[in-house]
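Report on the following structure.
The values are calculated or read from the model by the stated rules, or taken from the named source; none is laboratory data. Bear in mind the structure is a predicted one, so any value in this text is a computation, not a measurement. Virtual Cβ from ideal backbone geometry, glycine too; neighbours counted across all protein chains shown. We work out accessible area using only protein heavy atoms, side chains counted, and drop any ligands, DNA or RNA first. Shrake-Rupley method; radii C 1.70, N 1.55, O 1.52, S 1.80 Å.
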Amino acid sequence: HTREFGAVATEQLLNGSDMPTAIFAGSDFLALGVIQKVRERGLRLPEDISLLGFDDMPFADLLAPPLTTIRQPDQELGRRAFLAVLGAINKHPPMTERLPTSLVERQSVARLVGMPIRAPDTA
């Protein structure tokens, strides 16, 4: 999950036979490498390629363009990881848990004209 890996992976994508229209980076740090390579190619975010990150790292909103990303509850994730380690030490069986995430819409993802951003309410 480094900027360097994001740059290398993006270089491979951009050298492929099909130009991507969007890239999902598994972390915002990977997204930094994506931004670097996209700019080196003279491409624009989001006009040429949309970019979505994951983590909502500090300062993601200060990038140009501000990074659209998925936010996860970092403190709760750390708390639950600590409890899982304690459980393992005490020989408790492992548990699978899902924590809520949320989409932080900024400006690194293009919007298609006429396409709704969210599904309409059906209630």
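Descriptive notes on the structure:
- Checked against (1) closer than 18 Å to A64 by Cα; (2) without any contact (Cβ under 8 Å) to a residue 12 or more places away in the chain; (3) polar (S, T, N, Q), Q36 passes all but a single condition, namely (2).
- Matching residues, region 40-72, being of a type in the set (D, E, K, R) and at positive phi: D55, D56
- Among the candidates R106, R118, R98, residue that is touching a Pro at 6+ places or on another chain (Cβ under 9 Å), in a loop (DSSP other than H, G, I, E, B) and either surrounded by 14 or more Cβ atoms within 10 Å (Cβ to Cβ) or at pLDDT below 95 (or both): R106
- For P73, the conditions (1) in contact with a helix residue (DSSP H, G or I) (Cβ under 8 Å, 6 or more places away or on another chain); (2) modelled with pLDDT under 95 are fulfilled apart from (1).
- Filtered by the rule that a residue be open to solvent by 100 Å² or more (accessible area, probe 1.4 Å), in a loop (DSSP other than H, G, I, E, B) and closer than 20 Å to A110 by Cβ, region 5-64 gives D18, M19, T21, R44, E47.
- Here R79 does not qualify as closer than 30 Å to A22 by Cα and either of a type in the set (K, R) or open to solvent by 100 Å² or more (accessible area, probe 1.4 Å) (or both).
- Residue count, region 82-93 (criterion: within 24 Å of S27 (Cβ to Cβ) and either in a loop (DSSP other than H, G, I, E, B) or open to solvent by 90 Å² or more (accessible area, probe 1.4 Å) (or both)): 1
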